[in-house]
1. Considering only residues that are among the aliphatic types (A, V, I, L, M) and at the interface with chain A (Cβ under 9 Å from one of its Cβ atoms), look in region B:149-162 and name the one that is farthest from A:Ala95 (Cα to Cα).
2. For B:Ile80, state whether it is modelled with pLDDT under 85, surrounded by fewer than 17 Cβ atoms within 10 Å (Cβ to Cβ) and facing chain A (nearest Cβ under 9 Å).
3. Looking only at region A:68-109, filter to residues that are part of a strand (DSSP E or B) and of a type in the set (Gly, Ala, Ser); which one of those is nearest to A:Arg54 (Cα to Cα)?
4. Can you work out which of the residues in region B:121-147 that are more than 9 Å from chain A (Cβ to nearest Cβ) and touching a Lys or Arg at 6+ places or on another chain (Cβ under 9 Å) is surrounded by the fewest Cβ atoms within 10 Å (Cβ to Cβ)?
5. Tell me, please, whether a residue that is β-branched (Val, Ile, Thr), within 13 Å of chain B (Cβ to nearest Cβ), touching a residue at least 24 places away in the same chain (Cβ under 8 Å) and part of a strand (DSSP E or B) can be found in region A:25-33.
6. Name the single residue that is surrounded by the most Cβ atoms within 10 Å (Cβ to Cβ) among those in region A:46-96 being within 14 Å of another protein chain (Cβ to nearest Cβ) and of a type in the set (Val, Ile, Thr).
7. Select, from B:Phe118, B:Phe135, B:Phe154, the only residue that is of a type in the set (Phe, Trp, Tyr), modelled with pLDDT of 90 or more and touching a Gly at 6+ places or on another chain (Cβ under 8 Å).
8. Quick one: count up the residues across region B:87-120 that are buried (at least 19 other Cβ atoms within 10 Å of the Cβ) and over 21 Å from B:Leu155 (Cβ atoms).
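The values are calculated or read from the model by the stated rules, or taken from the named source; none is laboratory data. Not measured: the values here are computed from a predicted model. When we count neighbours, we look across all protein chains shown, and the Cβ atoms used for this are built from the backbone with ideal geometry, even at glycine.
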Amino acid sequence: MRKMDGVVAIIFLLMAAALFGYNLTHREAGSLVEIAKDGQVVQVERLSVDQTIRLEYDDQTNLIEIEDGVVSMIDANCRDQLCVHTAPLKTVGRAIVCLPHRVSVVIKGEGDQPEMDAISE
Amino acid sequence: MPSVNKIKLLQFTTMALMITIAMVLSYFERFIPLINVPGVKLGLANIVTLLALYLFDFKQVFIIVVLRVILVSIFAGSPISLLYSMSGGLVSLVGMKLLLMGATRLFSLVGISIIGAFLHNSAQTIVLGLLINSFSIARVYYPILIVAAVVTGFLTGLIGRQFMKQIEFTPLKGKRRYNF
């Protein structure tokens, strides 16, 4: 082991801490839930309205639940189930991503314009 | 002293073995539970990349990494996971190769492994940001991925170093390329 090994590890950890701090100070309670498929927004809902949204594309289903101001993916038939295990969200910028189905659920703030003109592939 | 052909054959079979081992490692590590963040993995296949960088020329290591990523995606992935692991795999490979060429006085294998893991996760964060078209999400995951890279890079570096000690005298190594 050389001295720079530790130095670089500490630099990385400091970077992580700085970015984490930045993320912490730049978070606010969201008000909109933006659901996108293949990078394109397909649905925008209010975080204050409790509901269950079912997304179906071919044989790919995702079940998204908005309840008490938090949104979670309660079911999906994707392979890795990472989206289902993601903790419920309520702050701006947080997201549930289902990579196998290319579905993302993003929390937006009141001021954010829904990105209806998202770039298509 | 083995003949040139024997060394070629040995290289070839060793490369095939390394691809296989890397595939098995990257497949089975998903059953080792870590924290529930997408993209956080142990990166055990990185041990093979490190070892290959020690034994082979860059071209051969490149082949090992590319084939491993493609084969794992065919057997247990998707086109998107292919894009994801290919970007991470190649960026960390190039980074570690450059460090091995020019910075072995500064970093041991463990440090290079940590930087490799960092580059790997950074590339994946960028690809994630591009795929979902939102870097405000990617930046939420990035600190976690950096910490994960330091931890997993350290562990795989330690394991890799143990391997290096074991293969000190193989006929594959014509000359000692790097001094760890």
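1. Among residues in region B:149-162 that are among the aliphatic types (A, V, I, L, M) and at the interface with chain A (Cβ under 9 Å from one of its Cβ atoms), the one farthest from A:Ala95 (Cα to Cα) is B:Val150.
2. Spelling it out, B:Ile80 is indeed modelled with pLDDT under 85, surrounded by fewer than 17 Cβ atoms within 10 Å (Cβ to Cβ) and facing chain A (nearest Cβ under 9 Å).
3. A:Ala76
4. Applying the filter and picking the extreme gives B:Gly129.
5. Of all residues in region A:25-33, those β-branched (Val, Ile, Thr) come to A:25, A:33.
Adding the requirement that they be within 13 Å of chain B (Cβ to nearest Cβ) leaves A:25.
From the residues that got through so far, the ones that are touching a residue at least 24 places away in the same chain (Cβ under 8 Å) too are none.
Looking through region A:25-33, none of the residues is β-branched (Val, Ile, Thr), within 13 Å of chain B (Cβ to nearest Cβ), touching a residue at least 24 places away in the same chain (Cβ under 8 Å) and part of a strand (DSSP E or B).
6. Top of the filtered list is A:Ile96.
7. B:Phe118
8. 1
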